[in-house]
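For reference, the structure is listed below as structure tokens.
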Amino acid sequence: MSFVTVSNVWQKYGDRSILERVNVTIEEGEFISIVGASGCGKSTFLRMLLAQERPYKGEISIDGGDTAKEPNRERGVVFQKYSVFPHLSVRENLIAAESFDTAFGRLSGAKRKAAEARADEMLERIGLNHVADQYPASLSGGMQQRLAIGQAMTAKPRILLLDEPFGALDPGTRLQMHDFLLELRDETNMTVFMVTHDLQEGFKLGDRVLVFDKPRWDPHDPGMYGATITYDFDARDGGIPFQLKEDADVSA
Ligand SMILES: Nc1ncnc2c1ncn2[C@@H]1O[C@H](COP(=O)(O)OP(=O)(O)OP(=O)(O)O)[C@@H](O)[C@H]1O
Ligand SMILES: [Mg+2]
């Protein structure tokens, strides 16, 4: 059985259709890149996977469970920017990630000690131990995103959701982040969903590239129909299919 099963999922905001008839199955450990025009519902899809919002219709099953009603520690998330706490040091950010699900948001005694030990382990893994006591604002963009990924991973999620995680980084840093992410994933066998506007990045990192687009379109009423998955490319060989190079406008 598949690890993630999305069955006939629709989403609407008011009377605007955002997504329609989304069907896809994902195996555990797969890296799924998601591309598509701005506003077509990619982030909405991630929010539903994260259980931050419920589909209008349809089911999303993870590891055989019912559609989740609220986010849980199985799913970590990283956004393009600003997902770390600016008023906490790097190390405190990682410790804070552990306390999200405690009743008072604070850890005490033995639990705190264990959280600190795991934070230090994560600091090592994301290569930020030399800046453990600095605040995020003093870090480079790449370091901030490594921290955000470390934070999302602290709870050892089985699914990592990345929404344009490298969009704000310069090309060199971006390449370093690719290596970092691929290593991390090899170590953990996480299932990853990554939204990107960069097709090359999508094909390089992904095992599959899902293209979201509107299969039908009413020029008089653009909100009438939603987007769905129009292509599901096998990207294991890393290359961009020739026909996409020719009209590579899917991520415009
Ligand atoms: N909570 C909401 N209430 C109403 N409309 C929303 C809400 N969230 C998103 N939308 C609308 O739904 C559509 C899809 O938004 P979404 O953010 O999922 O697109 P996206 O594919 O991630 O776009 P981008 O590439 O620009 O990030 C947009 O038109 C957006 O304005
Ligand atoms: Mg988005």
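The values are calculated or read from the model by the stated rules, or taken from the named source; none is laboratory data. What you see is a predicted model; the values in this text were computed from it and never measured. Neighbour counts run over all protein chains shown; Cβ positions are idealised from the backbone, glycine included. For the accessible areas, the whole protein counts, side chains as well, though only heavy atoms, and no ligand, DNA or RNA atoms are used. Shrake-Rupley method; radii C 1.70, N 1.55, O 1.52, S 1.80 Å.
Numbers below:
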| quantity | calculated |
| --- | --- |
| Contour excess over end-to-end distance, with Cα ends at D186 and F85 and 0.36 nm allotted per residue | 33.6 nm |
| Mean separation of Cα contacts under 8 Å (6+ apart) over length of the chain, as relative contact order % | 29 |
| Relative contact order (%) - criterion: Cα under 8 Å, at least six apart; region: the range 87-155 | 52 |
| Simple spin-label estimate for D237 and E121 in nanometres, 7 Å along Cα-Cβ | 4.0 |
| Burial order of peptide ranges 62-68, 191-197 (average beta-carbon count within 10 Å, highest first) | 191-197, 62-68 |
| Max mean-square fluctuation residue, GNM over the chain, Cα-Cα springs under 10 Å, options F203, F85, F45 | F85 |
| Most positive-pole-ward Cα, A115, L199, S140, against dipole of the chain from beta carbon charges | A115 |
| For the chain, diffusion coefficient by Stokes-Einstein and Kirkwood Rh (Cα), 10 °C, 1.306 mPa s, µm²/s | 83 |
| Leading residue at positive end of dipole, the chain (Cβ point charges), from G39, V84, V209 | V84 |
| Accessible area per residue in Å² at 1.4 Å probe, computed on the chain | 50 |
| Nearest-0.05 FRET efficiency for R112 and W10, computed from C-beta distance (R0 51 Å) | 0.70 |
| Of all DSSP beta bridges in the chain, antiparallel share, percent nearest 5 | 50 |
| The range 87-155, dipole about Cα centre (Lys/Arg Cβ +1, Asp/Glu Cβ -1), debye to the nearest 20 | 100 |
| Accessible area of the chain belonging to carbon and sulfur atoms, whole % at 1.4 Å probe | 49 |
| Gaussian network model of the chain, springs between alpha carbon atoms under 10 Å - residue of G76, G172, G150 with greatest fluctuation | G172 |
| Anisotropy class of the range 87-155 from Cα gyration tensor, a/c 1.5 cut | prolate |
| Alpha carbon centroid spacing (whole Å) that separates the range 123-196 from the range 1-21 | 28 |
| Long-range amide H partners of T67 with built H, under 5 Å | I60 |
| Ellipticity estimate at 222 nm from DSSP helix runs (n ≥ 4, -39,500 (n - 2.57)) divided over the chain, nearest 500 | -9500 deg cm²/dmol |
| Among V84, V131, V209: highest mean-square fluctuation, GNM of the chain, C-alpha pairs under 10 Å | V131 |
